[in-house]
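**Q** Sharing a structure with you now.
The values are calculated or read from the model by the stated rules, or taken from the named source; none is laboratory data. Because the structure is a prediction, the values reported are computed rather than measured. All Cβ positions, even for glycine, are placed from backbone atoms using ideal geometry, and neighbour counts span all protein chains on display. When the accessible area is computed, the model is the full protein with side chains, heavy atoms only, and any ligands, DNA or RNA have been set aside. Shrake-Rupley method; radii C 1.70, N 1.55, O 1.52, S 1.80 Å.
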Amino acid sequence: MAEYRLHCKVGKVGMAKAHAEYILRENKYNKKEDLVYKESGNMECVIDGTSAIDFWKSADDFERVNGRAYREFELNIPNELTHKEGVELVKNFVKQEIGNKHPYSFAIHESHSKDGEKNLHCHLMFSERKLDNILRTKEQFFRRANSKKPELGGAKKNDIWIKKELLLNIRKSWEVLSNQALEKNGFNERVSCESLKKQREIALEKGDYLKAELLNRTPVNISGITLQKEKRLGLEKLTPEEQEKFKEYKQAKELREVKKRELEIKSKK
C-alpha cells in the first residue's frame, strides 16, 4: 500500500560530512547492502575539484559556527514501484525542486522490516547556498555573501527555504509526482500529502464512505532511527519512550492492514 511521507530536517555544522557518508554509504558505511542508487550534483561550483564527501566536509569546516550546513528531505517512495521507477521519480523531483540552483547529494535505500515489508526511501541533502555562475574555492563558497561585489564573497543563502509556504508547496509536489509515477506504471494506488483527518473529510464530502472508514485510524509513523535501533538491538534495548512509540507504530500498522482488508472485502460486495 503506497504511503506518503516527506520529512524536512536541517543539519548543523559538524554533521554534514558524517551524514553524507551515511546516506551515500561511503567510508565506514560502505558495507551496508541497502543502497539502491546515489547521485551528487552541482558541485562544479568550486574550483578546487572535490568529491561529494569533500564538499560536505567543507560545509562543516567553513560555514559559520552554529549555522545550517545542509537541509534534507526524507522521502517515502511508493513500494509498488521498482528500483528503476523509484530512481526516475526521485530524479524528476530533484530536477523540479533543486535543478541547477543548489549543490546536492541523494541516495535511495531499500530496507525491510522483520516481517519482510519493503521500505523504499530517499535521503536528499542540499546546500541552501544558491549558485550564481561564479567559481569559488571551497572556503570562499561558504563565506558570508558580498552583495556589492558577489565575486569577493561566498554564495548567498537562499532564505526562501525557511518559509512555510515553500515546504507546503514541496509536499504537494512530491504527492503529484508520486501519483504520476504510480499512474504511469499501471497502479491504482494514490498518495496524499494531507493528514488522515483531512483526507477522511474529503472522502465523506464525496460520499466515498468506504475510503472514509479506511482513513478512520491513527497514522503509521515512527522515527527511522527508532525503527533501525529496534531492528538491530531488539525492543528491550529501546528506552521506555521509544518502546511506547514502537508499540503505537505497530498497532497503527496492524489497524491499517485490517481496515485495508475490510475495504477490499466490502468493495467486492
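**Q** Too long at a 21 Å Cα-Cα cut-off: which of Lys211/Lys253; Lys118/Lys211; Lys17/Lys84; Lys197/Lys229; Lys229/Lys250; Lys164/Lys253?
**A** Cα-Cα > 21 Å for Lys118/Lys211; Lys17/Lys84; Lys197/Lys229; Lys164/Lys253; rest within.
**Q** Here is a further query. How much length is gained if the chain between Leu233 and Ile160 is pulled fully straight, taking 0.36 nm per residue apart and subtracting their Cα-Cα distance, in nm to one decimal?
**A** In short, 22.3 nm is gained.
**Q** For the chain, what does -39500 (n - 2.57) per DSSP helix run (n ≥ 4), summed and divided by total residues, give at 222 nm, in deg cm²/dmol to the nearest 500?
**A** Helices in the chain give a 222 nm mean residue ellipticity of -13500 deg cm²/dmol.
**Q** Points 7 angstrom from Cα along the Cβ direction at Arg144 and Tyr37: gap in nanometres?
**A** Calculated label separation equals 4.2 nm.
**Q** Roughly what would the spin-label model give for Thr218 and Asp48, points 7 Å off Cα along C-beta, in nm?
**A** Spacing of the two 7 Å Cα→Cβ label points: 5.2 nm.
**Q** Given a Förster distance of 25 Å, report the FRET efficiency between Leu167 and Lys247 from their Cβ-Cβ distance, rounded to the nearest 0.05.
**A** 0.25
**Q** Can you give me the C-alpha center-to-center distance between segment 1-72 and segment 130-206, rounded to a whole angstrom?
**A** Each part reduced to its Cα centre gives a spacing of 17 Å.
**Q** With a 1.4 Å probe and every protein chain left in place, work out the accessible area per residue of the chain in Å², rounded to a whole number.
**A** Solvent-accessible surface per residue comes out at 58 Å².
**Q** Report the Cα-based extents of segment 52-165 along its three principal axes, largest first, to the nearest Å.
**A** Principal-axis extents of segment 52-165 (Cα, largest first): 56, 27, 25 Å.
**Q** Run the 1.4 Å probe and let me know the accessible area of Arg68, rounded to the nearest 10 Å².
**A** 70
**Q** Rank by packing, highest mean first: peptides 69-77, 252-260, with packing defined as the count of other Cβ atoms within 10 Å averaged across residues.
**A** Ranked from most to least packed, the peptides come out as 69-77, 252-260.
**Q** Taking all protein chains in place and a 1.4 Å probe, what share, in percent, of the accessible surface of the chain do carbon and sulfur account for?
**A** 49
**Q** I've got another one for you. If one takes the longest principal axis of the Cα atoms in the chain, at what angle in degrees, from 0 to 90 and to the nearest 10, does the Cα axis of helix 83-97 lie?
**A** The helix 83-97 is inclined about 50 degrees to the chain.
**Q** Roughly speaking, what is the stretch gain from Arg64 to Gln180, that is 0.36 nm per residue apart minus the C-alpha to C-alpha distance, in nm to one decimal?
**A** Between Arg64 and Gln180, full extension yields an extra 37.7 nm.
**Q** Also: Using the alpha-carbon atoms, what tilt in degrees (0 to 90, nearest 10) does helix 52-62 show relative to the longest principal axis of the chain?
**A** With both axes taken from Cα atoms, the answer is about 70 degrees.
**Q** Using alpha-carbon pairs under 8 Å, 6+ residues apart, how would you state the relative contact order of the chain in percent?
**A** RCO, the chain: 18 percent.
**Q** Right, here's the next one. Alpha carbons only, please: Rg and Dmax for the chain, in angstrom.
**A** That works out to 20.8, 71 Å for Rg and Dmax.
**Q** In terms of Cα to Cα distance under 23 Å, which lysines are near enough to Lys163, apart from those fewer than 8 places away along the same chain?
**A** Filter leaves Lys9, Lys12, Lys95, Lys101, Lys130, Lys172, Lys198.
**Q** Continuing with the same structure: With labels modelled as points extended 7 Å from the Cα through the Cβ direction, what inter-label distance (nm, one decimal) is found for Glu264 paired with Asp132?
**A** 5.6
**Q** Please list 3J(HN,Hα) in residue order for segment 131-138, calculated via the Karplus relation 6.51 cos²θ - 1.76 cosθ + 1.60 where θ = phi - 60°; whole Hz, with x for glycine and proline.
**A** Whole-Hz 3J(HN,Hα) from phi for segment 131-138: 6, 9, 6, 9, 7, 9, 6, 4.
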